[in-house]
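Reviewing the structure listed below.
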Amino acid sequence: MTQDVFELPGPEGNSIVGNLLDLGQDPLGFVERCRDYGDIVPLRLGLTPVCLVFNPDYIEEILKERNTFIKSRGFRVLKTLLGEGLLTAEGESWFWQRRLAQPVFQQKRIHGYGEIMVEYADKMLQNWKDGEVRDIHADMMRLTLQIVMKCIFNADVDNGEAQVVANALDVAMHWFESKRRQNFLVWEWFPRPENIRYRNAIAQMDEAIYNLIRTSRNRSEKTNDLLSMLIEARDEDTGQQMDDKLLRDEVATLMLAGHETTANALSWTWMLLAQHPEVKEKLQAELKQVLAGRLPTVADIKSLRYTDQIIKESMRLYPPVAMFGREAAQDAIVGDYSIPEGTTVMISQWAMHRNPKYFDQPDKFIPERWTEEFEKQLPRGVYIPFGDGPRICIGKGFAQMEAVLLLAAIAQQFDLELVPGFPIVPQPSITLRPEYGIKVQIKHIGNPPNSQPREVAALL
């Protein structure tokens, strides 16, 4: 016997807009408070029936059933930016794309990008000056942008087309945040200034990406950038390949996911390290022991155990995405509850990652909790910084490698202290950004590494 999910207890809302104002004013606090109502909590956002899910078994079930629970309205809005790329596509189209792209992200292939990541980090540090104040979020955004541009296009960010793409993504992120604050009540086509800027940015981005695709197709020499590998990818059964439109959509998706999320994860990591000198000291000890003054390599990652624990704990407290939704494409049963067709099912990494049922002292930064034993006993659906199920982030391995290598490369040379009084405010939009950035004062703590990597150009 199942129970209708909307018969369950939940927070009272406004008679007209439901819980829309509560969610809009304090989204992170609101979803945490909702957790106290139970495993599934019904809401109403305007005319949209919604339920929040906090049971990890239910989350796993929802994420596994990709045909029953499709991407929600929030994801579909992204189609104006990302088209029919992996993040937004559904059904057989998504399945075919995933099958084609999966070999591109095999571990042995992405490991080849490790030296590029470290090279760009080292170049950035050469311009840092002891004692200066920097916005570390802006630095991480630029660094990960440089890396993703090189890995996708074999192009420097100062390349004309690459810079246009970068600028367009920034415009898009600001546009989506403004729409979130308006609860997407103002249509994209309405001739407001921000909508016009957004549409113009998309048009410019499209032109730039298509130019980069043409350049890659016409290149005589073989390269190992991601775009070239996607161009060459071929369906084993039909021989079909991605056309330029689909390549454009995949590239835009990789740009957003590979640049934005890693930059945010590292930014929150620097903030947490600055707040916890005991963790920073332990990190420095590991880097000194493992690296002994040289730049990190992919081969070092297995030895940088504490560095990895720091990244995992940082993404627990500040996940790259704070919450996301699925929509019931048909009437569905989850656990003992019936969910009507058209219901938006929301899953909050922020609330799950801070759930005291699964994490002791959930609001504290404790990297040491991430032992092998702890990870084995943690139920699936609890810790999901990269999602889960068949639609788990295809670039998970790339992002994890990048975060560890960049943290190690930077932390062995510089200490970062927060600027007192500067406001640090999580902004839950498409990703979880610091709304005003993160201002830090940097202190040089070590000599430059005694071994220099090969020139990046030689790697591709």
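The values are calculated or read from the model by the stated rules, or taken from the named source; none is laboratory data. The shown structure was predicted, so the numbers you read here are calculated from the model rather than taken from an experiment. Backbone-built Cβ (ideal geometry, glycine too); neighbour counts: all protein chains shown.
Quick notes on this structure:
- Reported count of residues in the range 428-460, each being modelled with pLDDT of 90 or more and closer than 30 Å to residue 75 by Cα, is 7.
- Residue satisfying condition, being without any contact (Cβ under 8 Å) to a residue 24 or more places away in the chain and crowded, with 19+ Cβ neighbours inside 10 Å, within set 69, 95, 30: 30
- Condition met for residue 38 (at positive phi, over 21 Å from the mean Cα position of the chain (by Cα) and surrounded by fewer than 22 Cβ atoms within 10 Å (Cβ to Cβ)): yes
- Residue 252 fulfils the conditions (1) among the small types (Gly, Ala, Ser); (2) in contact with a helix residue (DSSP H, G or I) (Cβ under 9 Å, 6 or more places away or on another chain); (3) surrounded by fewer than 22 Cβ atoms within 10 Å (Cβ to Cβ) except for a single criterion, (3).
- Matching entry among 119, 132 (being exposed (fewer than 14 other Cβ atoms within 10 Å of the Cβ), closer than 30 Å to residue 424 by Cβ and modelled with pLDDT of 85 or more): 132
- Residue 63 being at pLDDT 90 or above and assigned to a strand (DSSP E or B): no
- Residue satisfying condition, being surrounded by fewer than 18 Cβ atoms within 10 Å (Cβ to Cβ) and in contact (Cβ under 8 Å) with a residue 12 or more places away in the chain, within set 8, 43: 8
- Top-ranked residue of the range 350-391 - restricted to ones that are over 23 Å from residue 283 (Cα atoms), over 21 Å from the mean Cα position of the chain (by Cα) and charged (D, E, K, R), ranked as surrounded by the most Cβ atoms within 10 Å (Cβ to Cβ): 357
- Qualifying residue in the range 180-193 (condition: touching an Asp or Glu at 6+ places or on another chain (Cβ under 6 Å) and modelled with pLDDT under 80): no
- Count - residues of the range 267-316 that are within 16 Å of residue 369 (Cα to Cα) and touching a His at 6+ places or on another chain (Cβ under 7 Å): 1
- All positions within the range 305-321 that are at pLDDT 95 or above and not β-branched (Val, Ile, Thr): 305, 306, 308, 309, 312, 313, 314, 315, 316, 317, 318, 319
- Of all residues in the range 338-353 being in a helix (DSSP H, G or I) and of a type in the set (A, V, I, L, M, F, W, C), the one that is farthest from residue 428 (Cα to Cα): 352
- Pair list, Cβ < 9 Å and 6+ apart or interchain, from the range 100-123 residues that are under 21 Å from residue 263 (Cβ atoms) to residues that are in a helix (DSSP H, G or I) and acidic (Asp, Glu): 113/402; 114/402; 117/402
- Residues that are over 20 Å from residue 345 (Cβ atoms) and assigned to a helix (DSSP H, G or I) were ranked within the range 1-28; the one that is farthest from the chain's Cα centre (by Cα) is 21.
- Candidates in the range 208-249 are the residues that are loosely packed, with under 14 Cβ neighbours inside 10 Å and among the acidic types (Asp, Glu); of these, the one that is farthest from residue 164 (Cα to Cα) is 237.
- Test set (1) in contact with a strand residue (DSSP E or B) (Cβ under 7 Å, 6 or more places away or on another chain); (2) surrounded by fewer than 19 Cβ atoms within 10 Å (Cβ to Cβ) - residue 79 fails condition number: (1)
- Taking the criterion of being touching a Lys or Arg at 6+ places or on another chain (Cβ under 7 Å) and either surrounded by fewer than 22 Cβ atoms within 10 Å (Cβ to Cβ) or farther than 22 Å from residue 14 by Cβ (or both), the residues of the range 46-62 that qualify are 54, 56, 60, 62.
- Within the range 336-349, being out of contact with any strand residue (DSSP E or B) (no Cβ under 6 Å at 6 or more places or on another chain) and either β-branched (Val, Ile, Thr) or buried (at least 16 other Cβ atoms within 10 Å of the Cβ) (or both) holds for 348, 349.
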